[in-house]
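A quick write-up on the structure given underneath.
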Amino acid sequence: MSTQAQIKITKKPRTIIPGTHFHRIRKTVQIVCFVIFVTLPLFDIMRIDLTRQRFYFFGAELWISEFSIVFLTLMFLWISIAAMAMIYGRFWCGYLCPQMIFSETANGIEKSIIRLINKKLPNAGPRLRRFAAAIVFGILLLPASVFVTFVFVSYFIPPFDLFHRLLSLDIRTAGGIVGASVTLVTFLDFALLRQRFCTAICPYGYLQNMLKDKHTLLVHFHDPNDECIKCSKCVRACPMGIDIRQSSHQLECTHCAECIDACSGILGKLGRQTVIQYAWGDSAATAAPKANWLHRIGLRDGKRIAVLVLLLVYATGLSIAIGLRQPVLLRIMPDRITLYSATADGKIHNSFRMLASNRGRLPATVSLSVADLPEAKIEGVEDRKLLEPGQSVQLQFDVVVPQSSLNPGINRMRILADVTPGKKGQQFSETFFAPQASTPEPGGKK
Ligand code: SF4
Ligand code: SF4
């Protein structure tokens, strides 16, 4: 046998604490959601800039005037929320909602502080310990409220600007007053309300009740064989303080599944299955492994499939609208106060106005040229007009053509705009007025 010891590396099996299945899934999803909540406004993935009237969606800077894209985006988000409520019940509340995530975090921190104070001050009276715990909790909650408010307000005000206001402790301007007020509301919310906000104030719970039907996913107590041992662990585990055994349709229930974990934990020790479970409606039908996959993911009737098709239509429309969007918006209009003017060198001038808005994040240049009119030139605007990001300009320019190249009266032409950066050139069909058969006075106007 070799002197070298043969080291066998065996992987320790992962330990899963009974009755924590949904809790672990929920906490993982909540961490991901927290990261998304913070990332969306900071990286312009989704936010509304109220000061500049812009809407940011996955990096695209949309102007509020771009009604079609803003409309499609809002419809897409609205139908997504409605579809989620109809198919998966209060999945948003239990797994994704920032209010719930921060409320549960506040509950956890408060419990830890109380445990710590009880340990450190065993001889103090209960009132003093409660007071000390409240002070410590308040001290921790204040910076957390500032952070949450900062992220929340960043959805409406540029984060960089907000950060400067925060550093200068601005409570004099309108933006500073709004920030301070939201911080105070956030502090009071997580100090006093937390999950009570969900049942007393938030409209989504009421909305969900309107959207659910007999196929909506809910948490259901189903005990045909009378296996419940009446331990009330499910009630103690419920963050909303309700008893799921009374009804699956309680307004307070956020479908968080903590009661399922509690029940499977206690009955699992007795070798029994949980009597609380996720089910599609009151039928107590769980997602049977052999069921049609559409049924298993909740698409259990035509209504749900129709909603998803509608969602797909809006998503496609939105993708096309964003794909076709030009970063520089151009409009060219003829200035018909004067039909044409003639100069001594035998040239005819027609005046036009150009409105240009750079909706992109990079500087852009616009070059104009004329097609379909021989020898036509553009005068009065630079060869490559530079537009800074967010800049809008209105310019007057002339199209100039030697009269010898023109037909009397109306001539057709196209004004071509080469925009950099841009997906493709833009063109505008216009008319050019020339004098009728008689030769105009040099330098005269019509
Ligand atoms: S009843 Fe169950 S699912 Fe509903 S909120 Fe309470 S623990 Fe969550
Ligand atoms: S945890 Fe399960 S067994 Fe205990 S009371 Fe609730 S439903 Fe019954």
Assess whether CYS256 counts as being within 16 Å of ligand 2 (Cβ to nearest atom), part of a loop (DSSP other than H, G, I, E, B) and at pLDDT 85 or above. yes
May I ask you to list pairs of residues, at least six apart or on different chains, whose Cβ atoms are under 6 Å apart, with the first in region 374-397 being among the basic types (Lys, Arg) and the second being in a strand (DSSP E or B)? LYS377/VAL400; ARG384/THR365; ARG384/SER367; LYS385/VAL366
Taking LYS233 and the conditions (1) within 14 Å of ligand 1 (Cβ to nearest atom); (2) among the charged types (D, E, K, R); (3) closer than 30 Å to LEU299 by Cα, which numbered condition does it fall short on, given that it satisfies the others? (3)
Tally the residues that are surrounded by 18 or more Cβ atoms within 10 Å (Cβ to Cβ) and modelled with pLDDT of 90 or more, restricting the search to region 229-239. 3
Subset of region 363-392 [closer than 18 Å to LYS347 by Cβ, in a strand (DSSP E or B) and not basic (Lys, Arg)]: LEU368, SER369, VAL370, ILE378, GLU379
Tell me which residues, restricted to region 272-326, are modelled with pLDDT of 85 or more and among the hydroxyl-bearing types (Ser, Thr, Tyr). THR274, TYR278, TYR314, THR316, SER319
Among the residues in region 201-215, are any in contact with an Asp or Glu (Cβ under 6 Å, 6 or more places away or on another chain) and either without any contact (Cβ under 8 Å) to a residue 24 or more places away in the chain or within 14 Å of ligand 1 (Cβ to nearest atom) (or both)? no
Exactly one condition in (1) surrounded by fewer than 18 Cβ atoms within 10 Å (Cβ to Cβ); (2) under 18 Å from MET46 (Cα atoms) is false for LEU142; which is it? (2)
Under 9 Å between Cβ atoms, at least 6 apart or on separate chains: pull out the pairs that start in region 303-331 with a residue that is loosely packed, with under 12 Cβ neighbours inside 10 Å and end on any residue that is modelled with pLDDT under 85. GLY323/LYS423; LEU324/LYS423
Search result, residues across region 397-427 that are over 14 Å from VAL366 (Cα atoms), of a type outside the set (D, E, K, R) and assigned to a strand (DSSP E or B): VAL399, VAL400, VAL401, PRO402, GLY409, ILE410, ASN411, MET413
State whether one or more residues within region 37-55 are crowded, with 18+ Cβ neighbours inside 10 Å, in a loop (DSSP other than H, G, I, E, B) and of a type in the set (Lys, Arg). no
Selection from region 196-221 of residues that are surrounded by 20 or more Cβ atoms within 10 Å (Cβ to Cβ) and either under 24 Å from the mean Cα position of the chain (by Cα) or assigned to a helix (DSSP H, G or I) (or both): CYS198, GLN208
Residues that are under 19 Å from GLY241 (Cα atoms) and either within 12 Å of ligand 1 (Cβ to nearest atom) or not assigned by TED's automatic domain parsing to the domain that holds HIS295 (or both), drawn from region 265-281: ILE276, GLN277, TYR278
Exception for LEU141 within (1) part of a helix (DSSP H, G or I); (2) at pLDDT below 90; (3) of a type outside the set (Val, Ile, Thr) falls at (2)
Residue count, region 227-253, condition within 10 Å of ligand 2 (Cβ to nearest atom) and assigned to a loop (DSSP other than H, G, I, E, B), comes to 10
Residue check for SER369: out of contact with any Phe, Trp or Tyr (no Cβ under 9 Å at 6 or more places or on another chain), small (Gly, Ala, Ser) and surrounded by fewer than 14 Cβ atoms within 10 Å (Cβ to Cβ): no
Out of region 77-89, which residues are crowded, with 21+ Cβ neighbours inside 10 Å and under 19 Å from the mean Cα position of the chain (by Cα)? ALA85
Among (1) within 9 Å of ligand 1 (Cβ to nearest atom); (2) at pLDDT 90 or above, where does THR186 come up short? (1)
Consider only pairs whose beta carbons are under 8 Å apart and that are at least six residues apart or on different chains; among these, list those whose first residue lies in region 244-257 and is under 18 Å from LEU207 (Cα atoms) and whose second residue is within 13 Å of ligand 2 (Cβ to nearest atom) and assigned to a loop (DSSP other than H, G, I, E, B). GLN250/ILE242; GLN250/ILE244; GLU252/ILE242; CYS253/ILE242; CYS253/ILE244
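The values are calculated or read from the model by the stated rules, or taken from the named source; none is laboratory data. No experiment lies behind these values; they were computed from the predicted model shown. Positions of Cβ are generated from backbone atoms using ideal geometry, with glycine treated the same way; all protein chains shown enter the neighbour counts.
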